[in-house]
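This report refers to the structure that appears directly beneath it.
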């Protein structure tokens, strides 16, 4: 099979700087968009989760049915995972009163279990293996858990540990820089580093989203959740056009 055919089989984008910029914007949009539905619209976490879960399942089905990689379908699905992750984490932490620490522990367990089952079933959790419907299902379930975990982790760091939004954002940014350093200057598995970075971008987006829309008295900028979400959506769409994306090279 030639390289062109291999690329055509892959359904996820190459992991580049543009990928991470769009990913952080998507996770931030997930926070403001999720909160807009559950809080600004007063629908609550359970109804919000149900709404976004339907959108998530529909987006994943469209993504799986697509014959080739399509940037907008992919990123719509990513946003769907971030919004359902936001509302689901809030439902666990607040409505079920598990708390941020308990929610983070539970979601970390689910994420690791998802990766373990995926690895046992297909032999790898590398993004280069996302070229079959089965691999895609594992990929999106794992991403959904990672997005939910990231929301709980961000809230835990900013609220429970009292770091606030800006300091929490700096902590998660520093952790991402360490992961990047490991990628370029160590022999740590790139697959492991990818998932570490993927998880860490979610709490970064969560605290940035909270910083944008939370009241000034709580350390935020008090921007309307609708306005913040619209601005982030426009930014994301612009980035998808600016950062030309290709399908990741599928594994041999």
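The values are calculated or read from the model by the stated rules, or taken from the named source; none is laboratory data. What you see is a predicted model; the values in this text were computed from it and never measured. Positions of Cβ are generated from backbone atoms using ideal geometry, with glycine treated the same way; all protein chains shown enter the neighbour counts.
Only residues that are in contact with a helix residue (DSSP H, G or I) (Cβ under 7 Å, 6 or more places away or on another chain) and either in a helix (DSSP H, G or I) or surrounded by 22 or more Cβ atoms within 10 Å (Cβ to Cβ) (or both) were counted in region 222-244, giving 10.
Among residues of region 75-98 being without any contact (Cβ under 8 Å) to a residue 12 or more places away in the chain and touching a helix residue (DSSP H, G or I) at 6+ places or on another chain (Cβ under 9 Å), the one that is surrounded by the fewest Cβ atoms within 10 Å (Cβ to Cβ) is 96. Selection of region 128-175 for residues being modelled with pLDDT under 85 and either over 25 Å from residue 207 (Cβ atoms) or not in a helix (DSSP H, G or I) (or both) yields 128, 129, 131, 161, 162. Among the candidates 209, 219, 205, the residue that is more than 30 Å from residue 122 (Cβ to Cβ) and buried (at least 18 other Cβ atoms within 10 Å of the Cβ) is uniquely 209.
The criterion of being on the phi > 0 side of the Ramachandran plot and surrounded by fewer than 18 Cβ atoms within 10 Å (Cβ to Cβ) does not hold for residue 102. Collect the residues in region 55-74 that are in contact with a helix residue (DSSP H, G or I) (Cβ under 6 Å, 6 or more places away or on another chain) and under 13 Å from residue 144 (Cα atoms), keeping them in residue-number order. Result: 55, 56, 59, 60. Does residue 126 qualify as being crowded, with 23+ Cβ neighbours inside 10 Å and either over 22 Å from residue 219 (Cα atoms) or touching a strand residue (DSSP E or B) at 6+ places or on another chain (Cβ under 7 Å) (or both)? So residue 126 fails the test. When residue 118 is tested against (1) in contact with a helix residue (DSSP H, G or I) (Cβ under 8 Å, 6 or more places away or on another chain); (2) in contact (Cβ under 8 Å) with a residue 40 or more places away in the chain, just one condition goes unmet, and that condition is (2).
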